[in-house]
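Colleague: Structure in structure tokens, see below.
Derivation of every value follows stated rules applied to the coordinates shown; laboratory data play no part. Just so it is clear, the model here is predicted, and its values are computed rather than measured. Heads up, the Cβs are rebuilt from the backbone with ideal geometry, glycines too, and the neighbour counts pull from every protein chain shown.
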Amino acid sequence: MKRNSLNFIDLFAGAGGLSEGFMQTGFNPIAHVEMNSYAAETLKTRACYYYLKKLRRLNIYFDYLRGNITREQLYGQVPNDVLKTVINKEMSDRTIYDIFEEVDAIMYEDRIENVDVIIGGPPCQAYSLVGRAQDAERMAADPRNELYKLYARFLSRYNPKMFVFENVPGILTARGGEAWRNLTKYLKRVGYEIEYRELDSSTFGVLQKRRRIIIIGWRKESGLRYPEFRNIQSPFLPLSG
């Protein structure tokens, strides 16, 4: 762990897009929770990258990329304490206490007293406009609509200073807006002021127009607020009309 760094937990981590941004800016990952085994392997590989980079031994990582060593050999160069930050489990009412125990054990062993930020967002298929257009009835009954409650339980347990919750724009109108009202109610109920904006990756210098709803929450009375972002337009992406 980097001493004096800010610590975060990534929920529904996927292949680690959000984690990557936080780690590039110096945040320390306590845990990434992800149910998909292939995505979890990607998260472990990136954990190896950051560990080897710190030791100035990236030649081992590049050997893996070139196919000179196997993934298992790459993992063998990294302590298990690094690899176990990736928790490859589905988040559900049945598993959440086991996940809490694993996160608590990591924090105890690494002498981490506080979680500074929780990031992530439940799978977006249940909120997507495309999915609802194809089968609105099935999407309305999709159990993934309720996964935000597990996110809120993490907020209640670890009480981070802030959280970042990401999802597709369709979350605003899913089930006639009921999903959005329930989500914001839960996030406020556990002690946070929240604000959301629709952000587009193309305004951050990315060669892709990808719109997402980004909710940022902060503890009440903390004095924190939603940050202002500078518009960075890539010279290779045509300006929209």
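Colleague: If you take the residues of the range 25-69 that are under 25 Å from the mean Cα position of the chain (by Cα) and among the charged types (D, E, K, R), which of them is nearest to VAL117 (Cα to Cα)?
Modeller: Selected residue: GLU34.
Colleague: Can you tell me which of (1) within 21 Å of ILE118 (Cβ to Cβ); (2) assigned to a helix (DSSP H, G or I) is the one GLU195 doesn't meet?
Modeller: (2)
Colleague: Which condition does TYR108 not pass, out of (1) more than 19 Å from LEU150 (Cα to Cα); (2) in contact (Cβ under 8 Å) with a residue 24 or more places away in the chain, if it passes all the others?
Modeller: Result: TYR108 fails condition (2) only.
Colleague: Ok, one more. Which of the residues belonging to the range 69-89 are in a loop (DSSP other than H, G, I, E, B) and surrounded by 12 or more Cβ atoms within 10 Å (Cβ to Cβ)?
Modeller: Within the range 69-89, ILE69, GLN77, VAL78, LYS84, THR85, ASN88, LYS89 meet the criteria.
Colleague: Just name the residue that is farthest from LEU65 (Cα to Cα) out of those in the range 32-47 that are hydrophobic (A, V, I, L, M, F, W, C) and crowded, with 21+ Cβ neighbours inside 10 Å. Give the derivation first.
Modeller: Quick first cut of the range 32-47, residues hydrophobic (A, V, I, L, M, F, W, C) only: 33, 35, 39-40, 43, 47.
In the following step, the residues that additionally are crowded, with 21+ Cβ neighbours inside 10 Å were identified as 33, 40, 43, 47.
On the way: VAL33: 24, ALA40: 17, LEU43: 15, ALA47: 14 Å.
So, considering only residues that are hydrophobic (A, V, I, L, M, F, W, C) and crowded, with 21+ Cβ neighbours inside 10 Å, the one farthest from LEU65 (Cα to Cα) is VAL33.
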